[in-house]
Structures are given as C-alpha cells and as structure tokens.
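The values are calculated or read from the model by the stated rules, or taken from the named source; none is laboratory data. Because the structure is a prediction, the values reported are computed rather than measured. Positions of Cβ are backbone-derived with ideal geometry, glycine not excepted, and every protein chain shown enters the neighbour counts.
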C-alpha cells in the first residue's frame with residue numbers, strides 16, 4: 001500500500017476524522033505542484049484549469065504580439081508571456097488562432113477559450129463581462145508604404161485618407177478621435193476600413209485599398225524594423241486626441257481566473273522576467289510599473 005494511502009487509512013480507523021478528510025481533499029499537495037511553479041498560485045487556479053493543466057488562449061495574427069508561423073506555431077511577445085505565466089502557475093499554455101477580436105471575446109464567453117492577451121484596451125464596458133490585467137500601455141501609429149503617393153508625412157495628413165484598422169480595436173477608437181481633430185481644423189474625416197488582423201490591414205495599404213494601416217506603436221516599430229525600406233510610420237499626437245491606453249490580458253469574469261493571472265504577473269514583475277521580456281522586444285517605453293486588475297473601471301487595483 002502506498003505510504004500516503006496507508007497513513008489515511010490508519011487515521012480513519014483511529015477516528016481522526018479531520019486528518020482523514022484532509023487526506024481525501026482535492027487541495028494540491030507540494031508533490032502535485034509542477035517544478036518551478038508557485039505553489040500558492042497553482043492552488044489558487046480555478047479547479048477546472050488546474051485539473052486540465054492548461055490555459056487556452058485565443059489569438060489572432062498580430063505581430064509583434066503574435067506571429068503565426070507556416071506550421072501553425074506562434075511566436076512573439078504574447079508567446080513569451082504565456083510561457084512565463086504558465087511556468088509560475090504550473091500549467092501549460094496554448095494558443096488557438098481566431099479571426100480577430102470579436103471572435104476572441106465571443107469565444108471566451110462561450111467557454112472555448114480561457115484568455116486573450118490582446119492588445120486590447122481595458123475599458124469599463126468590457127469589464128462588466130471580463131477581468132482585465134493591464135501589463136503595458138501604447139500610443140497609436142499609422143504605417144505607410146514607402147513610395148506612397150498619398151502625401152502622408154505627418155499624422156495630420158491622415159485627414160481625408162483611407163486608413164485600414166483592426167475592427168473593434170483601440171486603434172479604431174483612436175482613429176475616430178483623429179477624425180474629430182480633423183473636423184476641428186476644417187478637414188475631412190479619415191475613413192476607417194475595418195479588417196480582421198494586422199496582415200490584412202498591411203495588405204490593404206500595400207495594395208492601395210487603404211492609404212495607411214493603423215496599429216499600436218509597438219506593432220509599427222516591429223513592422224518597420226522587420227521590413228526595412230518597405231514602410232514608414234507616423235504617430236498620433238495628444239493634440240489629435242491620442243491618449244496613452246492601458247492594454248490588458250482578458251479573461252471571463254465568471255471563471256475567477258483574473259485575480260490569479262494578476263498575481264502571476266506580479267510574480268513576473270518581482271523576479272525580473274517582465275523587464276527582461278519587454279527589453280527583448282524593445283518595449284521599455286510602454287512598460288508599466290505593476291500589473292493592474294480592471295484598470296478600465298473605477299477601483300482597478302494593482
């Protein structure tokens with residue numbers, strides 16, 4: 001008989017009900033926790049996640065956050081943070097590719113996915129259904145093909161132009177604010193073309209369907225770095241309605257995973273992993289001092 005089983009049997013025989021109950025509980029013991037994981041964080045995971053041993057992330061193609069390779073594997077900032085979170089939580093993480101933000105949000109609410117790492121703005125409206133964990137900020141930039149005849153030398157030149165954006169994204173919202181700025185100066189609004197992901201908006205700009213492709217500043221830096229000479233970019237200013245937005249990881253509020261993910265991020269901040277990953281991707285300028293739970297709502301807490 002296994003030693004743990006024998007001890008429980010003896011305790012029950014002796015009438016030590018409390019000890020027997022503890023032996024038969026579902027609480028993870030030290031030997032149940034995977035190597036390298038934080039035992040308290042692993043124990044705090046929702047039971048279904050802990051038993052499955054995996055957190056299922058939804059993800060669309062959105063370099064440098066997620067780049068989908070020809071074999072279906074995913075690389076990028078998102079992959080690095082997923083690996084790090086999985087390590088401290090003691091579970092695997094996997095990415096299931098979806099077609100844009102609406103599919104990710106609807107899929108989480110339907111129980112097909114556990115989380116989505118954006119980039120998505122933390123908003124009070126969405127926090128009615130989701131817990132958000134802010135881990136970076138961003139500004140909005142607009143990528144323009146080299147040699148474009150659209151005459152876009154600065155963000156003000158986007159007035160009256162066709163701009164491809166990811167539908168439902170923070171960039172689409174920021175483009176609306178830019179159009180308001182255009183109207184204040186007597187210029188026509190920018191025309192938003194909503195598409196599924198970064199690949200589609202870049203193709204739209206390259207093909208001439210759009211004059212520019214709107215994306216986060218981090219994504220614009222990545223595009224112009226990875227494809228030198230093919231693109232330039234301009235960045236929206238505060239005078240044009242730009243703001244520094246909180247970008248967050250989303251999980252359904254009903255599952256109870258949000259506070260655990262926030263605490264796991266806090267562990268990555270404390271042990272230097274967060275700073276290492278942000279530096280690896282050149283994102284020090286959009287780093288935050290600590291992760292924040294539900295920053296879009298009043299009462300968002302670190």
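Data overview
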| quantity | calculated |
| --- | --- |
| Among the candidates 17, 85, residue that is in contact with a helix residue (DSSP H, G or I) (Cβ under 9 Å, 6 or more places away or on another chain) and modelled with pLDDT of 95 or more | 85 |
| Hits in the stretch 140-160 - residues which are buried (at least 20 other Cβ atoms within 10 Å of the Cβ) and part of a loop (DSSP other than H, G, I, E, B) | 152 |
| Matching residues in the stretch 243-257 - criterion: being buried (at least 19 other Cβ atoms within 10 Å of the Cβ) and either not in a loop (DSSP other than H, G, I, E, B) or not assigned by TED's automatic domain parsing to the domain that holds residue 121 (or both) | 245, 246, 247, 248, 249, 250, 251, 252 |
| Filtered residue count, the stretch 183-205, keeping only those that are in contact (Cβ under 8 Å) with a residue 40 or more places away in the chain, in a helix (DSSP H, G or I) and crowded, with 17+ Cβ neighbours inside 10 Å | 4 |
| Odd one out for residue 91, checked against (1) touching a strand residue (DSSP E or B) at 6+ places or on another chain (Cβ under 7 Å); (2) within 16 Å of residue 135 (Cα to Cα) | (2) |
| Yes/no for residue 39 being loosely packed, with under 15 Cβ neighbours inside 10 Å and either under 21 Å from residue 195 (Cα atoms) or not assigned by TED's automatic domain parsing to the domain that holds residue 201 (or both) | yes |
| Residue check, residue 275 touching a helix residue (DSSP H, G or I) at 6+ places or on another chain (Cβ under 9 Å) and part of a helix (DSSP H, G or I) | yes |
| Output for the stretch 79-95, where each listed residue is buried (at least 22 other Cβ atoms within 10 Å of the Cβ) and in a helix (DSSP H, G or I) | 81, 82, 85, 89 |
| The stretch 124-139, residues that are buried (at least 19 other Cβ atoms within 10 Å of the Cβ) and either over 26 Å from the mean Cα position of the chain (by Cα) or in a loop (DSSP other than H, G, I, E, B) (or both) | 139 |
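This table checks each residue for (1) under 19 Å from the mean Cα position of the chain (by Cα); (2) part of a helix (DSSP H, G or I); (3) more than 28 Å from residue 92 (Cβ to Cβ).
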{"site": "228", "(1), (2), (3)": "no, no, yes"}
{"site": "232", "(1), (2), (3)": "no, no, yes"}
{"site": "259", "(1), (2), (3)": "yes, yes, no"}
{"site": "262", "(1), (2), (3)": "yes, yes, no"}
{"site": "289", "(1), (2), (3)": "yes, no, yes"}
{"site": "295", "(1), (2), (3)": "yes, no, no"}
